[in-house]
Amino acid sequence: VRGLRLLVLGLAILAAACDLRVTNPSKIKAEDLLEDPSLLHAIVVGAVSDVGYAALVPSFGGVVAAGGLLSDELVATSTRQGLRAINDGRPRDDYSETREWWAAAARARWTAETAYETAKRLSPTPDSDPEVATAALYAGLANRLSGDNFCHAVINGGPLEPTSVNFERAVGYFTAAIEVATAAGLDSIVTAAYGGRAQAHMMLGNWSAAVADARHVPTNFVFRILNTSQSRNLNYIWSYTRGSVKHYTVWGTPFADWGVDYTGARPGGDPRVIVEPRPDELGPDNRRPLILQRKYTGTATSVALIKGSEMRLIAAEAELVAGNWSAAIDSINALRTALNAAPPSSWGSRRLTTVSAANAQEAWEVLMQERGMELWLEGRRLADYRRWANVPGQNAVPFRRVREPANSPDPEDDPRVSVYQVDELCLPVSLTEKLANPNIGVGGN
Amino acid sequence: MHAEGFAASGIRMRARRLTRSIRLLALIGFGGITWAASPLAAQAPAPGTIVGQVVSAVTGEGVRGAEIMVLGTTRTAFSATDGAYRVSGLAPGSYEVRARAIGFEEAVHRIEVQANQTVALPFRLTPSPLPLEEIEAIGVRGGVAQHRLGAVTAVIRPAEVPPVGVHTLSELLQARLPGLQVTPQGGKPGQGSRILSRGVRGMSGRTTPLVIVDGVRIHNSPETGLRRGVDGDYDFGGEAWSGLDDISIDDIDRIEVLPGPAAAALYGSEGANGVLNIVTKRGVGDRHEVRVRGGYGFANAPAAWWSASPHGEWYYDEFVRSGMESSAYLSVRGGVDRFQYYAGATVRSAKGVLPQTGQDYWSVRANMRAEPMQAVAIEIFTGFSNREIDLPYDAGSLWGLTRNALIGGDSGLTVTPAEILTYDVGLLSRRFTAGMRLENSLFRGFTHSLTLGSDIFDCDNTDFNPFGTNVREGGKKINYRRDVTLLSLDYRANYTRAFGSVKATTTVGAQGMRRDQAYTLALGYNFAGPGLSVVEVAGVTDGDQNREAERMMGGYVQETINLRDRLFVTAGVRVDGYSNHGRSARYQTYPLFNASWVLPRMDRLRGVDAVRLRGAYGVAGQTPDVYLTERTWNVVDSVHNGSPGLLTGKVGAPDLAPERVRELEGGLDMSLFGERLTLGVTYYDQRTEDALVLLQAAPSLGFPEPQVMNGGETGNRGIELTAHARILAGTAVRWNVHGGLFTNRQRVTSIARGKPVHLGGAQWIREGHPVGGFFADNGDYIGPAFPVRTIQFGSDLQLGERIGLVALFDHAGGHFLQSNTLIDLMQAGDPISNPVNDLRDFVFPADYWRLRELSLSYQLPPGALRILGLRAGRLAIGGRNLWRSQEYDGLEAEAYSDPKQPLLNQTWFNTPLPRQVVLGIEATF
């Protein structure tokens, strides 16, 4: 009898442990999430956050840092294999850096587009709802970000497609943002969406549409990625150029010569690019000298996505494409005059001088340098090179002028790589996408 | 979040959990005891006693440590040094009494016990050439002799390994069995290990076996103690941790090893990686024994081991130092009548060969067994351990001392070595394990037991960079805590019947498990000035927390047929359910079948003493981690309107099932030439279906986080060979040698998506190749990442009665290692414009040989023992890892870097395993 009682005791305890249900209090289940209007704002906020995150955070500075490395804005001082190879113009789809850049950019696009579709579906006033307008704006920006930096577009598990797909989608989302934000009376979103659409049209080669949109954006307008030191939205360009681990230097780039030497060792220079040579310091590779950027001053420094000044340069470039090089120079000087009228405090007493050109080739050189200075470290340079490499008459464009190597301590051991030597001016879609996506072959075909 | 509030809430939470657990155990224990005991108290008859001596039938000498069990009761005794034993408190009646001891065939006698009388029952045991260790882990209370099991099992007894030089359970397991490979992350005290049993199964890298201590499951997650933060966001230096090493080997009587599913099928969804069933010490017989042990030793890593870098010699001169280790152990064990006890305490301290590395450890254990009445026994096991480990950033960390110093010399790479020495990174882990077992014999042939257990573990990690450091100019403090409560119960019942020469044993069992984990993190940045070090006084603070829960229940039934003590056939099935499985796969069934045939003695085959043929088939599972079935979104901070945002998390696998490993093995054991040579050969063949693999969902679909899915099949087969030879067997010199060989050939037979999986670096999962195999950039196969063979051989030389010399060599080979060490060193050197073009150049053969153990011991003579008042005494000097040979020219071939990704056989700047020399003394009173 006592044994049977023990047996019953054991079975009773076992029965008490039979409940296999568990809950995870720190996660939100996807079930019903996208059907709950009360969570709509959080979904849109997530999309906003993710665009900024993809631009500036993953793998040592996001696609902005990657584009800066692959173009001529930054030089790697890191010993990290991925950063070194990308800096040498040989990005690979299997590097962890490539994986993280692509993953963040792809998720930012998916999240923003999903937020837009969800907001449209759940909002009682989808044609004038600020959430719809905001989601549409960031869906456009996310597509622009991917199109600017990656070699291909991949939409929702589809095949590899040309990046024009990203820009065409961006035009669509910016258009939606303009319409809804106009109805909602959200002027800043309307202006930003015009600026974003101008950027996308420019990359598609639709110059007249680009110039038309650019006209809606005042020169002093700036739409930024907001960063703080207490969120996931951080300015990692600062962290890895001035923080504890300096993966990047301005040494070896033309900007080190074009900009202002903060130490005063070299007079002159463009005040939009301020650099700080550290003559006694080398990067983590113990080899390349450190010249630090001083544009960003901390992880909370915001980064421009759309600027009115770029709109003026879009108009100037449209003139160049049309063969009106003199009008382009006039536009650039008009911009400089406008910038001099309201100089930031970092300029001190420095001002921009007027520029000139004797022919179309020189005018292109001026524009290339002007865009470089005005949009330095804002994630635009790589897309600029890709566009310039495809404009009519590219062979006449003196790229080498803007890629002239800086003095190296040992040039034979450390030859700088010209954009002529870069196989492709874009970041590859990651191997993880190619392996996971049934519509893409293993070799990326 | 303020640190005080954070700490207080954590303490309160742990206290509540501890109190709850103790209450539960006390309630169940009290209720069970009183309920079961109530009908017996009034009818206790005047008891009788059995006494006797267990002797060898060949030599006539007493057999020490023989177990004498009165069948049909819970009464058990152990023989003393001269073989004498005593079992008291038996109700009058007829009993079958069984005696068994290692190396002897068991014997059963029937005897009549009268009230108030003492009856004599001597045993003469016949030596057996077959493996006779008792294995409890296969479900039968009291254990089953190995030779009756068709599946390979093994037993490791700490008392039989060299008396000095083995400090931790990980070290105890190293090179002890063919097929059981223990790879430390590096050579710093307190670092954890990767355990492989019969190679890598599946594709997930989850290789840790299930660990059970006295019937209580313990938490031994492969997650690191130091590295993993909430959602993996925070790194604490990337150091591995092994829960196994919380258990003092001084307290262990034996470890039963079930290497794979063929033996461990009864453990169902947790048995695929095998089982380590740890049995701690008990009281012995009706005597009391006090044992003390002490050891002191040194460690070093010579200058040549750092020569991969041009800064190696400087690094050795500046930073590498002599390590130190000391240990002490005190135990008391014994018994009176119906009560037996064991209490032990261990203290250990180690200083590593690198600055700021070391470990302080102490543990206490108390075990008791009481038999309040003839058919009821109660056992209580309790153990507490405390480990404080200094594990600064190392391996591939940007802030690691070795990495910075070997790449950049005095100026470092990321930061200077001088600054790194100001960091304070460490771990404090505490574990309290308690179990209570109730045993009852309901009627003759039927026994059952219920074990209730609780394993409470908390781990407190700190990462401190003082004010003014380069990592953060204002300083940084991170405090990360992990609290785990694991409650388990285990019920098992055995019923044995005899039908002439056939015996049948039916075993029924049930298990339940509940694990709750809590992760809490506090961060502080920017101290106001130097000297501040806690989160509360940081200028910027933040916090995070997570909660996880798991539930398991399962049961099994097993039938064993014993035909004339020659043929043993077992068949069984287990069914279990696990909360981690998807709905369609929540409940799983695991069959088992095995047979062992002891051949009749074959006089015509000269030199053959005994032969046993065996075969086994079993299926066991590997359950996935918690919360992988659900598609989730995460909350993120955002600056947009000050509102939090939602972002995609895990894509989720709603039908996620445990991977299932089918194992078929067969082999034979032979004893030859008058037991001078014993051989064991086993062939095993495993097939892993629904293998768990960390797959990347297509990022363009919005869920870029890798997700564990059921992703293909792998095959794994090889041979295990063991040999023991008695070369000399005289009284002046006795010399035994032993060896083990293990081979493994693993192949991926299919991948669910049909595409290869990139693990990192040059390592891939590709069909037709081993998991984690190395490939060149052009796709050429280089070789496997895990050993295809291991060899151990050792020698045990006894000179006279007092001097012993033991040596053990260990080898692993046929595999490769990616040297991120050399990649980093090359990239920091000349020429700068030569990045890695093909990882093939940095994948090296990883074969190694080591003199794992070497010890010389001296037993004190009787005269000295008399003078000192001792029963026994021994002096010893021993060494560990005294010699190594490796082809790999990085720092250490026998290491791995990332405990979160154990399939990555890649090293950065892992500390070499140091050479250790230890002096020891032990005495028994």
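Can you spot a residue in the stretch A:238-252 that is in a loop (DSSP other than H, G, I, E, B) and away from chain B (no Cβ under 13 Å)? Yes, because at least one residue in the stretch A:238-252 is in a loop (DSSP other than H, G, I, E, B) and away from chain B (no Cβ under 13 Å).
If you go through the stretch B:742-778 and keep only what is of a type in the set (K, R) and within 11 Å of chain A (Cβ to nearest Cβ), you end up with B:R753, B:K755, B:R766. Here's a check for you: in the stretch A:110-126, which residue that is of a type outside the set (A, V, I, L, M, F, W, C) and at the interface with chain B (Cβ under 8 Å from one of its Cβ atoms) is surrounded by the most Cβ atoms within 10 Å (Cβ to Cβ)? Once the filter is applied, the top-ranked residue is A:T111.
In the condition set (1) assigned to a helix (DSSP H, G or I); (2) within 13 Å of chain B (Cβ to nearest Cβ); (3) more than 24 Å from A:V51 (Cα to Cα); (4) not basic (K, R), A:A256 is compliant with all but (2).
Residue-by-condition table, conditions (1) under 22 Å from A:R381 (Cα atoms); (2) modelled with pLDDT under 95; (3) among the aliphatic types (A, V, I, L, M):
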residue: A:T301; (1), (2), (3): yes, yes, no
residue: A:A304; (1), (2), (3): yes, no, yes
residue: A:E310; (1), (2), (3): yes, no, no
residue: A:A316; (1), (2), (3): yes, no, yes
residue: A:E319; (1), (2), (3): yes, no, no
residue: A:S326; (1), (2), (3): no, no, no
residue: A:I329; (1), (2), (3): yes, no, yes
residue: A:N340; (1), (2), (3): no, no, no
residue: A:S346; (1), (2), (3): no, yes, no
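For B:E439, the criteria (1) surrounded by fewer than 24 Cβ atoms within 10 Å (Cβ to Cβ); (2) over 27 Å from the mean Cα position of the chain (by Cα); (3) not in a helix (DSSP H, G or I) hold in every case but one, which is (2). Of the residues in the stretch B:160-179, at least one is free of Cβ contacts under 8 Å to residues at least 24 places away in the same chain, more than 13 Å from the chain's Cα centre (by Cα) and within 28 Å of B:E379 (Cα to Cα).
Restricting attention to strands (runs of 3 or more DSSP E) lying wholly within the stretch B:771-890, give those where 3 or more residues are of a type in the set (V, I, T) and out of contact with any Gly (no Cβ under 7 Å at 6 or more places or on another chain). Spell out how you get there, then give the answer.
Values: elements: B:773-775, B:781-783, B:789-799, B:803-813, B:816-819, B:843-845, B:848-859, B:872-886.
Of the strands (runs of 3 or more DSSP E) lying wholly inside the stretch B:771-890, none has at least 3 residues that are of a type in the set (V, I, T) and out of contact with any Gly (no Cβ under 7 Å at 6 or more places or on another chain).
Among the residues of the stretch B:604-615, at least one is more than 8 Å from chain A (Cβ to nearest Cβ), modelled with pLDDT of 90 or more, buried (at least 22 other Cβ atoms within 10 Å of the Cβ) and in contact with a Gly (Cβ under 7 Å, 6 or more places away or on another chain).
How many residues does the stretch B:895-919 contain that are of a type in the set (A, V, I, L, M, F, W, C) and assigned to a loop (DSSP other than H, G, I, E, B)?
Going through the stretch B:895-919 one residue at a time, the tally reaches 6.
Of the strands (runs of 3 or more DSSP E) lying entirely inside the stretch B:1-100, those containing at least 2 residues that are at pLDDT 75 or above and among the hydroxyl-bearing types (S, T, Y) span B:48-56, B:84-90, B:93-100. Return yes or no: is B:Q901 within 14 Å of chain A (Cβ to nearest Cβ), surrounded by 14 or more Cβ atoms within 10 Å (Cβ to Cβ) and either over 24 Å from the mean Cα position of the chain (by Cα) or at pLDDT below 90 (or both)? So B:Q901 passes the test.
Is at least one residue of the stretch A:83-106 under 23 Å from A:Q230 (Cβ atoms) and not hydrophobic (A, V, I, L, M, F, W, C)? Please lay out each step first, then the result.
We begin by selecting, within the stretch A:83-106, every residue under 23 Å from A:Q230 (Cβ atoms); these are A:100, A:104.
Still in the list and also not hydrophobic (A, V, I, L, M, F, W, C): A:100.
So far as the stretch A:83-106 goes, yes, one or more of its residues are under 23 Å from A:Q230 (Cβ atoms) and not hydrophobic (A, V, I, L, M, F, W, C).
For the stretch B:743-760, the count of residues that are farther than 28 Å from B:S819 by Cα and of a type in the set (K, R) is nonzero. Cβ-Cβ contacts under 8 Å between residues 6 or more apart (or on different chains), taken from a first residue in the stretch A:94-106 that is within 15 Å of B:A697 (Cβ to Cβ) to a second residue that is of a type in the set (D, E, K, R) and in a helix (DSSP H, G or I), are listed as A:W102/A:E433; A:A104/A:D50; A:A106/A:E433. Only one of the numbered conditions (1) modelled with pLDDT of 85 or more; (2) among the basic types (K, R); (3) over 30 Å from B:S94 (Cβ atoms) is violated by B:K503, and that is (3).
Where helices (runs of 4 or more DSSP H) fall entirely within the stretch A:29-89, those with at least 2 residues that are facing chain B (nearest Cβ under 10 Å) and among the small types (G, A, S) are at A:40-56, A:81-87.
Look through B:L421, B:L438, B:L413, B:L391 and report the one residue that is touching a residue at least 60 places away in the same chain (Cβ under 8 Å), under 30 Å from B:V70 (Cβ atoms) and not polar (S, T, N, Q).
Matching residue, one of B:L421, B:L438, B:L413, B:L391: B:L438.
Per-residue answers, yes or no, for (1) of a type in the set (A, V, I, L, M, F, W, C); (2) over 30 Å from B:L668 (Cβ atoms); (3) within 12 Å of chain A (Cβ to nearest Cβ); (4) touching a residue at least 24 places away in the same chain (Cβ under 8 Å):
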site	(1), (2), (3), (4)
B:Y491	no, yes, yes, yes
B:G500	no, no, no, no
B:D516	no, yes, yes, yes
B:Y519	no, yes, yes, yes
B:V534	yes, yes, no, yes
B:V540	yes, yes, yes, no
B:E548	no, yes, yes, yes
B:N562	no, no, no, yes
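Count of the stretch B:384-430 residues, restricted to those that are more than 14 Å from chain A (Cβ to nearest Cβ), farther than 21 Å from B:S307 by Cα and touching a Ser or Thr at 6+ places or on another chain (Cβ under 9 Å), is 16.
The values are calculated or read from the model by the stated rules, or taken from the named source; none is laboratory data. Source: prediction; values computed, not measured. In this analysis, Cβ positions are derived from the backbone assuming ideal geometry, glycine residues included, and neighbour counts consider all displayed protein chains.
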